[in-house]
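Student: Can you read through this structure? Questions will come right after.
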Amino acid sequence: MSESVVALFESLVGAEPPHDVPVLFDTACVMGGSIAGLLAARVLSDRARRVVIVEPDDTSAEAESRSGVPQDQQVHTLLPAGRLWIERWLPGVSREAQDRGASLVGPDQQFVGHDDIRQVPDGADHQFLAVGRPLLESLVRDRVTALPNVSVLRARATGLRYGDGAVAGVRFAGHGTGERVEGVLAADFVVDAMGRSSRLSNWLGLDGYDQPRLERLESPVNYATALFERPAKFSELEVATVLQLFTPRYPSGGVSVAAATAIEEQQWLVMLMGYGDNRPGRTTDEFRAHCAALPAILRDITSGDVTREVVTYRQADSRRRHFTEAGQLPARLVSMGDAVASFNPVYGQGMSSAALHASCLASYLDSGTDLDTAATEFFRLQQVVVDAAWAVSAGGDAARIDAETGTEVPEEVRQQRQGMAQIVGATLVDADVSRAFNDVSYMLRHPSTLFDPELLGKAAAAAEGAAEK
Ligand SMILES: Cc1cc2nc3c(=O)[nH]c(=O)nc-3n(C[C@H](O)[C@H](O)[C@H](O)COP(=O)(O)OP(=O)(O)OC[C@H]3O[C@@H](n4cnc5c(N)ncnc54)[C@H](O)[C@@H]3O)c2cc1C
């Protein structure tokens, strides 16, 4: 991995939003009004006279689950990188979330464990936001739609209109606030933020452009999430986030990961996840039975009254679309968030990736690029972020699948995976390794920083020490 990719990734993570940027567009249109779309709209609000978000769901209700985001009842943790960036575009959002009962979780309030062994504190002060996904989205939406030049058109985007090799408008249809609306919104810049089922590729193919290659890694994940009452003071530790990863050694009944976060309305949002055919609990009784067999902290968390029954979610694969490989794309069009890459959700990278895509957009638009050619430079920048997240989640999944199926891999890959396994093991005993690993998991540093020889040496020494015990 070249130094420049690492430096680019870290400059995207660390950059401040610029001030006084020139207005580049008359109307920018964002298709999809979820996290990626809202953050794109925030970036574009400084660079367009008006920004129209086209979104079919009724988003007027506060903090409610909605059909366009079917995953929104599952645990959604905002990693430190995403929190940092959302906070930079929309200062004060974390504070507002806390005022509404969400928790800002520092290192002392996290219990991250492998089986029931706790990871050593990494000495850094990174903070997660533990919040229900509908509340987070509604706080972001309220801020973005309060901007004077941002509005929402309640309709479904159905296709694009072009002129001179560039996108010139968005076709839409829907029911608005009751009456049927249909038409074309003229726009001189368009963002696809329609999530993992985005139909942009199909539209491009039908319209004579290249379809970006779709890469998929089949790795079915089954989520079950329920809500429980949370006592005002939970434990001596005042734990607010619990993440436990179970190795095949642990008798977990098919649960590979359990997570609990202290969210608004004094509730625990608790998730159990199983791979493949392992579906951890459709009813509260099944859910509690699973938790009873897990480390005591999870049994305690789920001992309160249920405030929402179990909701399940299955995702069949991780997928990404390679826009950088598409030779012919219209100008003035970009794609962001899950529409470009959607990962195994257990790594918690989706919203943070979307936030980093927003910084790619700002960087691209402020680079003085020729807007009348395809947005290749944007897609290259974004690829740095996608590659980094993909290396962590799809890399981890591929290693697990190959180990389960006994698939042989090239020696270099085998060594890398062995190094990673040693690093993960060393997070239980070595604070430096723990910090390096967390910085990558939290999307603050590039994954290739883990292959530093000194760090690998420490991890190998820790593995030897553990083997001797
Ligand atoms: C089970 C699960 C758990 C997850 N947990 C986490 C987590 O802990 N942390 C984390 O950061 N991420 C998590 N994610 C990922 C996260 O949900 C997404 O990355 C995040 O929502 C950003 O997605 P998005 O805005 O790109 O798309 P989405 O949130 O999927 O939204 C797509 C939007 O497009 C709209 N739309 C669809 N079609 C059209 C159309 N034709 N025209 C106009 N609009 C349209 C939809 O109504 C919706 O508003 C999880 C995902 C899953 C599945």
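Student: Condition first: away from the ligand (no atom under 15 Å from the Cβ), more than 20 Å from residue 334 (Cβ to Cβ) and within 26 Å of the chain's Cα centre (by Cα). Now tell me which residues in region 145-168 satisfy that.
Tutor: Hit for region 145-168 is 146, nothing else.
Student: Also, quick follow-up: Is at least one residue of region 322-329 touching a helix residue (DSSP H, G or I) at 6+ places or on another chain (Cβ under 9 Å), under 29 Å from residue 127 (Cα atoms) and crowded, with 17+ Cβ neighbours inside 10 Å?
Tutor: no
Student: So, one more: I'd like to know if region 113-127 contains one or more residues that are open to solvent by less than 20 Å² (accessible area, probe 1.4 Å), touching a helix residue (DSSP H, G or I) at 6+ places or on another chain (Cβ under 7 Å) and within 14 Å of the ligand (Cβ to nearest atom).
Tutor: Checked region 113-127: no residue is open to solvent by less than 20 Å² (accessible area, probe 1.4 Å), touching a helix residue (DSSP H, G or I) at 6+ places or on another chain (Cβ under 7 Å) and within 14 Å of the ligand (Cβ to nearest atom).
Student: Follow-up question, since we're still on this one. Test residue 288 against the criterion of being touching a residue at least 24 places away in the same chain (Cβ under 8 Å) and among the charged types (D, E, K, R), and give yes or no.
Tutor: Taking the combined requirement at face value, the residue does not satisfy it.
Student: Related question: List every residue pair whose Cβ atoms lie under 9 Å apart, where the two residues are 6 or more positions apart in sequence or sit on different chains, the first residue falls within region 410-430 and is modelled with pLDDT of 90 or more, and the second residue, located anywhere, is open to solvent by 90 Å² or more (accessible area, probe 1.4 Å) and basic (Lys, Arg).
Tutor: Partner pairs satisfying both residue conditions: none exist.
Student: Can you tell me which residues in region 199-234 are within 21 Å of the chain's Cα centre (by Cα), part of a loop (DSSP other than H, G, I, E, B) and aromatic (Phe, Trp, Tyr)?
Tutor: None; the set is empty.
Student: So which residues in region 70-96 are more than 17 Å from residue 263 (Cα to Cα), open to solvent by 10 Å² or more (accessible area, probe 1.4 Å) and not in a helix (DSSP H, G or I)?
Tutor: 70, 91, 92, listed by residue number.
Student: Something else: Go through (1) assigned to a loop (DSSP other than H, G, I, E, B); (2) modelled with pLDDT under 95 one by one and return the number of the condition residue 23 breaks.
Tutor: If we test residue 23 against (1) assigned to a loop (DSSP other than H, G, I, E, B); (2) modelled with pLDDT under 95, just (2) comes out false.
Student: All but one of (1) aliphatic (A, V, I, L, M); (2) at pLDDT below 90; (3) within 16 Å of the ligand (Cβ to nearest atom) hold for residue 130; which doesn't?
Tutor: Every condition holds for residue 130 apart from (2).
Student: Further question on the same structure: Where residues in region 133-144 are within 13 Å of the ligand (Cβ to nearest atom) and of a type outside the set (D, E, K, R), which of them is farthest from residue 258 (Cα to Cα)?
Tutor: The extreme case among them is 144.
Student: Starting from residues that are within 16 Å of the ligand (Cβ to nearest atom) and aliphatic (A, V, I, L, M), keep the ones in region 348-381 and report whichever is nearest to the chain's Cα centre (by Cα).
Tutor: So the residue we want is 351.
Student: Looking at 226, 187, which one is within 30 Å of residue 49 (Cβ to Cβ) and touching a residue at least 60 places away in the same chain (Cβ under 8 Å)?
Tutor: Result of the check over 226, 187: 187.
Student: Given the residues 112, 120, 51, which is the only one that is assigned to a strand (DSSP E or B) and closer than 30 Å to residue 251 by Cβ?
Tutor: So the residue among 112, 120, 51 that is assigned to a strand (DSSP E or B) and closer than 30 Å to residue 251 by Cβ is 112.
Student: Here is a further query. What residue, of 68, 106, 82, 101, is at pLDDT below 90 and among the small types (Gly, Ala, Ser)?
Tutor: 106
Student: Looking at region 151-198 only, could you name the residues that are open to solvent by 50 Å² or more (accessible area, probe 1.4 Å) and in a strand (DSSP E or B)?
Tutor: 151, 152, 156, 158, 161, 162, 171, 182, 184, 186
Student: Quick one: how many residues across region 315-340 are outside any loop (DSSP other than H, G, I, E, B), within 9 Å of the ligand (Cβ to nearest atom) and among the hydrophobic types (A, V, I, L, M, F, W, C)?
Tutor: 1
Student: I'm trying to understand the selection: among the residues of region 254-286, which are among the charged types (D, E, K, R) and either touching a Lys or Arg at 6+ places or on another chain (Cβ under 6 Å) or not assigned by TED's automatic domain parsing to the domain that holds residue 111 (or both)?
Tutor: Correct list: 264 only.
Student: Quick one: residue 140 ticks every box in (1) open to solvent by less than 30 Å² (accessible area, probe 1.4 Å); (2) within 26 Å of residue 245 (Cβ to Cβ); (3) assigned to a helix (DSSP H, G or I) except a single one, so which number is it?
Tutor: The single condition residue 140 does not satisfy is (2).
Student: Tell me, which residue of region 59-69 that is near the ligand (Cβ under 10 Å from one of its atoms) and not basic (Lys, Arg) is surrounded by the fewest Cβ atoms within 10 Å (Cβ to Cβ)?
Tutor: Among those that are near the ligand (Cβ under 10 Å from one of its atoms) and not basic (Lys, Arg), it is 67.
Student: Please find, within region 281-309, the residue that is most open to solvent (accessible area, probe 1.4 Å) out of those that are closer than 15 Å to residue 223 by Cα and more than 16 Å from the ligand (Cβ to nearest atom).
Tutor: Once the filter is applied, the top-ranked residue is 309.
The values are calculated or read from the model by the stated rules, or taken from the named source; none is laboratory data. Values in this document were obtained by computation on a predicted structure and should not be read as measured data. Positions of Cβ are generated from backbone atoms using ideal geometry, with glycine treated the same way; all protein chains shown enter the neighbour counts. Ligands, DNA and RNA are stripped out before the accessible areas are found, and what is left, the full protein with its side chains, is counted by its heavy atoms. Shrake-Rupley method; radii C 1.70, N 1.55, O 1.52, S 1.80 Å.
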